[in-house]
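To start, the structure itself, in structure tokens.
The values are calculated or read from the model by the stated rules, or taken from the named source; none is laboratory data. Predicted, not measured: the structure shown is a model, and the values here were computed from it. We place every Cβ from the backbone using ideal geometry, glycine too, and count neighbours over all the protein chains shown. In case anyone asks, the SASA skips ligands and DNA or RNA and just uses the protein heavy atoms, side chains included. Shrake-Rupley method; radii C 1.70, N 1.55, O 1.52, S 1.80 Å.
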Amino acid sequence: MEQRAEPERSSERRRRRGGASRRAAAVAVWYLRAVAFVNFLSAAWVSLGQDVRRHNQENFFTPYLLTAGFASGVFTAFLAITMRRRKRAAWILNLVLSGAFLALFAFAMAFPEIRQYAQNWISLALTAAFVGALLVGRQEFYAKGDRSNPRLAASVAVGGGLLASLLAGLLVTVTNQAPDAGRSTFLERWHYGTLRLVSVAAEESRFPGIDPPNWANVAINVLSTALVLAVLYAAFRSRRAVDPLTEDDEKRLRELLGRHGDRDSLGYFALRREKSVVWSPTGKAAVAYRVVGGVSLASGDPIGDPEAWPGAIAPWLAQARAHGWIPAVMGASEEAGTVYARHGLDALELGDEAIVEVAEFTLEGRAMRTVRQAYNRVKRAGYEVRIRRHEHIPADRMAYLVERADDWRDGATERGFSMALGRLGDPEDGQCVMLECADAEGRLRALLSFVPWGPHGLSLDLMRRDRDSDNGLMEFMVIELLRRAQEIGITQVSLNFAMFRSVFERGARLGAGPVLRLWRSLLSFFSRWWQIESLYRANAKYRPIWEPRFLLFEKSADLPRIGLASARAEGFLEAPGLPKWLHRRHLDTHR
């Protein structure tokens, strides 16, 4: 009996320690948030800022990081964000700085003229409480940074500092208002700008012939803040990628798709080569993902046997937490969403996937009248469609198709991540299906490419057409595929994804509530720039089966970052910040 009770008591102690550690970590994060708020408030509230600065300059001390300024607020807010993401490097930095500040407090309290003020005791208590919270909650700050971060931070500090100092010297030169400006050399103005960049101690009286306006000094201080933030970002950034897809990974994924590929129409897109993959211990399941902006972004369902999905999901989540990434899944089915939810993720319905069963598709009936007329109009114009597998297309013809697809692409960026393969004409993709549409004169006017969805299905990958071609060309090609699908052994086809499809459908019904109608109107407004409603209308004309797709996430507060990461992954946004040559990109060297 006692032997059984001892492990229970040990387990209870571990739970209590874990709870105390989490609470202490939360206290440390909220302390930094509160300090950031006071800093921003004192930057806007002049008298409060003057009081805090007076405390720093006279016989008073303010709590750790409380220095009453906008730059300090930005710095503290950055530390709060990195601490919330459980970055180990941020914890070390805070412990070193706050520990040094606490030692300074302890030493200063030995002097009666400092010990007599109650404010200093309050400062000492707050700083000691923060240090204590850091120590108690140390186990919660486990997220690893990239090994190259120190080197990159040093490069940004040196290169950025040199560039910023030159810009500061140039700004001082251009705005110098001193009557005897000719007495100063550019080296002296550069010296002044550099001092102003690293501190506010540069005074015009020490530099004869230099008298820039106040706005120029403020601009240099803002440049200094930007430089500090760039260095901190480089030092604390999350690891960007782990082990890109290898040749062996791709081979194993193709084997899983061969056995279980008919479960998910998006499964083949896991073969995008900028993705990484996490395997279950048995190798029977895998989660394919890509790290974008500190978000570990998976797409579709896990690949492989559903019974082995938890064995792949758990290490993927563990890896995300170890590196401080935010885990998220785009476009999961309801079945996979249920499994992800058991691992602590919440679900949000993104929209619906349009799936057409070939055996049930028909152009007959009043509901298909508009589609039937458009199809007949394009057919009478002399357009013809050729359907064949990629492996049956000669190499020179495929090269021509790739060239035309690039010419017809909307923009310079190849878009797609969760529902696009991102390549065309790769020899490994021989089972993909190509539709080539030519006009009456035999000129190529449009292309459609589909990836395999199990042995008897296809999933839309790429749509391109000549802008000068007739309207209705894509509809004509899709209908030709559906009518001739049995020739290539196809029984079901997955078309485009309709985001927020249910809003458009339910919002147009009689009796729709005011919130739903407002939401539908808002989406219709944004459809002027993004194809939200038009994609729903384009898919609905085929009268498909609508399959819901979900976004999985841990915390609602992470949704803005997940949205930005998704937009970047899909190619709608370019990553700001560091120059492109500093962004590490893995190359597809195994082909």
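Details
- Residue identified as under 26 Å from residue 444 (Cα atoms) and among the acidic types (Asp, Glu) among 352, 406, 346: 406
- Among the residues of the stretch 564-591, the ones that are open to solvent by 40 Å² or more (accessible area, probe 1.4 Å) and either at pLDDT below 75 or small (Gly, Ala, Ser) (or both) come to 17 in all.
- When the stretch 368-392 is limited to residues that are aliphatic (A, V, I, L, M) and in contact with a Gly (Cβ under 6 Å, 6 or more places away or on another chain), the one that is nearest to residue 473 (Cα to Cα) turns out to be 378.
- Residue among 277, 287, 292 that alone is more than 15 Å from residue 552 (Cα to Cα), among the aliphatic types (A, V, I, L, M) and open to solvent by less than 10 Å² (accessible area, probe 1.4 Å): 292
- Only one of the numbered conditions (1) open to solvent by 60 Å² or more (accessible area, probe 1.4 Å); (2) farther than 30 Å from residue 281 by Cβ is not met by residue 346, and that is (2).
- Only residues that are open to solvent by 70 Å² or more (accessible area, probe 1.4 Å) and either in contact with a helix residue (DSSP H, G or I) (Cβ under 7 Å, 6 or more places away or on another chain) or at pLDDT below 85 (or both) were counted in the stretch 86-102, giving 1.
- Positions within the stretch 240-262 being in contact with a strand residue (DSSP E or B) (Cβ under 7 Å, 6 or more places away or on another chain), open to solvent by 20 Å² or more (accessible area, probe 1.4 Å) and outside any helix (DSSP H, G or I), in sequence order: 240, 241, 243, 244
- Odd one out for residue 478 among (1) among the β-branched types (Val, Ile, Thr); (2) part of a helix (DSSP H, G or I); (3) touching a helix residue (DSSP H, G or I) at 6+ places or on another chain (Cβ under 9 Å): (3)
- Of residues in the stretch 459-482 being buried (at least 18 other Cβ atoms within 10 Å of the Cβ) and of a type in the set (S, T, N, Q), the one farthest from residue 409 (Cα to Cα): 459
- Residues of the stretch 297-323 satisfying the condition of being crowded, with 22+ Cβ neighbours inside 10 Å and closer than 13 Å to residue 340 by Cβ: 298, 299, 300, 301, 302, 309, 312, 313, 316, 320
- For the stretch 103-127, the set of residues classified as at pLDDT 85 or above and touching a Phe, Trp or Tyr at 6+ places or on another chain (Cβ under 8 Å) consists of 126, 127, listed by residue number.
- The selection criterion, being among the polar types (S, T, N, Q), out of contact with any His (no Cβ under 7 Å at 6 or more places or on another chain), within 30 Å of residue 73 (Cβ to Cβ) and open to solvent by less than 60 Å² (accessible area, probe 1.4 Å), does not hold for residue 214.
- When residues of the stretch 277-336 are limited to those that are within 16 Å of residue 417 (Cα to Cα), outside any strand (DSSP E or B) and of a type in the set (Gly, Ala, Ser), the one farthest from the chain's Cα centre (by Cα): 300
- Criterion: surrounded by fewer than 14 Cβ atoms within 10 Å (Cβ to Cβ) and either modelled with pLDDT of 70 or more or more than 30 Å from the chain's Cα centre (by Cα) (or both) - qualifying residue of 33, 15, 53: 15
- Of residues in the stretch 179-202 being open to solvent by less than 100 Å² (accessible area, probe 1.4 Å) and at pLDDT below 70, the one nearest to residue 72 (Cα to Cα): 199
- Any chance residue 231 is out of contact with any Ser or Thr (no Cβ under 7 Å at 6 or more places or on another chain), among the hydrophobic types (A, V, I, L, M, F, W, C), surrounded by fewer than 20 Cβ atoms within 10 Å (Cβ to Cβ) and closer than 30 Å to residue 156 by Cα: yes
- Qualifying positions in the stretch 119-151 - touching a Pro at 6+ places or on another chain (Cβ under 7 Å) and open to solvent by less than 20 Å² (accessible area, probe 1.4 Å): 123, 127
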